[in-house]
Amino acid sequence: MTRGPSAGGTSFEAGRDNRGAFATGRGSVARSTEAGVYIENYIEHYAGGGPCPLPGPIFYNLPSLPDRYRPREADLGIARDKVLHAKAAVGITSVARAIGLQGMGGIGKTVLATALVQPGDPVRAAFPDGIVWLTFGRNIPILTKAAELAFALTGISTSFGTLSEARGQLSLYTADKRLLVVLDDVWEPEAVDAFTGLGLGCRLLITTRNGRVLERAQADRHQLGLLEPPAARTFLAQATDVAISALPIEADEIIRLSGRLPLALAAVGALIRRGAYAWTDAVAALREAELEELDTSWLPDPEQRSVAVVLKMSIDALSEAARACFFDCAAFREDVDVPEAVLLQLWSGNGLPERRRKLFAQELVDRSLMRRDEQRRYRIHDLYMDYLHHAAAPLADRHRNLIERYRTACRDGWATCPDDGYCLQHMPWHLLEANEKTELHSLLFDPVWLQRKLKALGVNALIGDYRLVSEDHEAGLLASAITMSAHVLGANPDHLEAQLLGRLAEQDGATIAQLLGALRKAHPSLFIPIRDNYLTPPGSLLRTIPTGGPVNSLAVLAEGRRALSGSENGTVRLWDLESGAELRRFEGHGDWVTSLAVLADGRRALSGSSDRTVRLWDLESGADLACFIGDDSIFVVGVSPTANRAILGDTRGRVLTLALPS
């Protein structure tokens, strides 16, 4: 048996962008309007139904720099150098090269990352396939963010059932890309797992407070500290619109009392710039607050006490009506961009005309209590959200207030809520936080709501709502039925009714019976069998995976979540057993794949074929590592669990031993 040349793997590309993101390249047109920038996407599909990637760079969801931005030149230079010259962890080729910006809240991690992705920065030129920005926060579902990256790359709404499926698909989409993916404000270490298998030309830029996040991603870390005194003076001068040479003697005391923390300096600078405080009054207010017994239990780090001091100054300077509006914002989800229409809807219960509400929004922006982007979406810094959760309690009442404001706009039920980029996404969560569990249960079984959310946001978002009521047995059955139908609903959301009627039965529960009755009544002409469960119901058969042809061989990986299949057309495929997704395809054999075996390391596999070859595959990268050519067809392959050795059986009746490369 002789060793032959390694064959190349399948080439995959990825393609597109999102509305509101800036895009260039063939296939997308960006046009400016007064409301912002909108993208016209041109999406094609492969014959098999998958997204057809388009050439050209992707710039997805990139934030703009804050007003009066002043770069931290030293930190910016170090971070840029790490991004441009990132190196993979030694001996680990399947981990995306990652760079981490770590520091306490309010230190400027997100702003620094934002500066790196702006037009004109060398980082842009280093990633010709573009930059994708994903914002995380606390307890953000990983699969939701993975699906967002897939959407950014393909323009097609995607649902992932498992982490391995997400990791595999993202690896396919980015295999030939030089792409920067920014994971902003990551809290949980496991949140990076779906993104560490990106193509070797890709980089991750992660901002976090948690060092364990960067350890898990094996990232090259840069620690952001407090501003040095000269940099703090420059920062304060910019925040107050005063030349550095013209800063009064009170500036140094303000810097000291603000703790040299950028967030605090920005807030006190805004108060001085807008005339709420003179320089001397700002110093007096800061000293007074410093001496007060402030409740800082909501702060995650004692070093951030200056934030509490400056925040008290900012709120004390608000009118009573503006303060009430700010406290109402405690109901919003953290790290979510809130469209202006949503903000105005929330404040509509205060009896204020829309013009006044817009002025309050502007005031909160001017005082650095909120940020607003070009699309007039608002966000509150997570430290300020921590304060609101503490100061605006009980939070259930804040959520009920938001719910009632929306109820006035949804007189025919929640399914008729405005398409404002918030209600459809987050209303189930608000109902849970308001302890309105009965209404939440009803909403999750409303067929009109299910259909609208599925069409607007995709199957992943729909399934995610049922995690809010994990203890509800009937809701669990409905979620399982939707999950089992995900491969159909992702492409054809109009099939929801047929899928649910086919997988659920009236005896599954009273609420399910009511749902099925409503579906039959709403769609009397739907051609479906009369009997229940004509499709596989939730139960012992978990999933059927169509492969498109005869399967000749199978091998299950040791972790039990993935499996390999070999087909008569010579292809080997890696599958996610929970979701049914094809994670990777290995091509190189010219005839039937007769046998498969996974090596003990779980990262490589052997395939034998009637084309007389045995191939060694890298399961993570898809690389064809080696090809061994024999004298006759290979019928069976096996591997030694302890030695780097393969055992082969061929049609001549021989058992052959083969040394494998390490």
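The values are calculated or read from the model by the stated rules, or taken from the named source; none is laboratory data. Keep in mind the model is a prediction, meaning the values are calculated, not measured. Cβ placement follows ideal geometry from the backbone for every residue including glycine, while neighbour counts extend to all protein chains displayed. SASA here: full protein model, heavy atoms, side chains in, ligands and nucleic acids out. Shrake-Rupley method; radii C 1.70, N 1.55, O 1.52, S 1.80 Å.
With the simple spin-label model, which puts each label point 7 Å out from Cα in the Cβ direction, the ALA284 to THR416 separation comes to 5.6 nm.
Bridging of LYS437 to lysines at a Cα separation below 29 Å is possible for LYS145, LYS453, LYS455, LYS521, once same-chain residues fewer than 8 apart are set aside. Annotation: per residue accessible area for the chain equals 43 Å², rounded to a whole number [probe 1.4 Å, protein chains only].
Report the calculated FRET efficiency for THR657 and ARG212 (r = Cβ-Cβ distance, R0 = 60 Å), to the nearest 0.05. Let's see the in-between values first.
Details: r = 44 Å, r/R0 = 0.74.
According to the calculation, E is roughly 0.85.
Can you pull the percent of the range 109-159's accessible area that's carbon plus sulfur, 1.4 Å probe, other chains left in place? Can you show the working numbers first?
On the way: 890 of 1510 Å².
Result for the range 109-159: 59 percent of the exposed heavy-atom area is carbon or sulfur.
Taking every DSSP helix (H) stretch of at least 4 residues in the chain, weighting each as -39,500 (n - 2.57) and dividing the sum by the residue count yields a mean residue ellipticity at 222 nm of -10500 deg cm²/dmol. Set against the labelled values (1) 27.7; (2) 29.7; (3) 26.5, Kirkwood radius over Cα pairs in Å computed from this structure falls on (1).
For the chain, DSSP calls about 70 percent of its internal beta bridges antiparallel.
Quick one: net charge around ILE99, please, counting Lys, Arg +1 and Asp, Glu -1 for every other residue with C-beta under 9 Å from its C-beta. Local net charge: +3.
Of all lysines in the structure, those lying under 24 Å Cα to Cα from LYS312, and not within fewer than 8 positions of it along the same chain, are LYS109, LYS358. When peptides 605-612, 316-323, 431-438 are sorted by average Cβ neighbour count within 10 Å, with the highest value leading, the order is 605-612, 431-438, 316-323.
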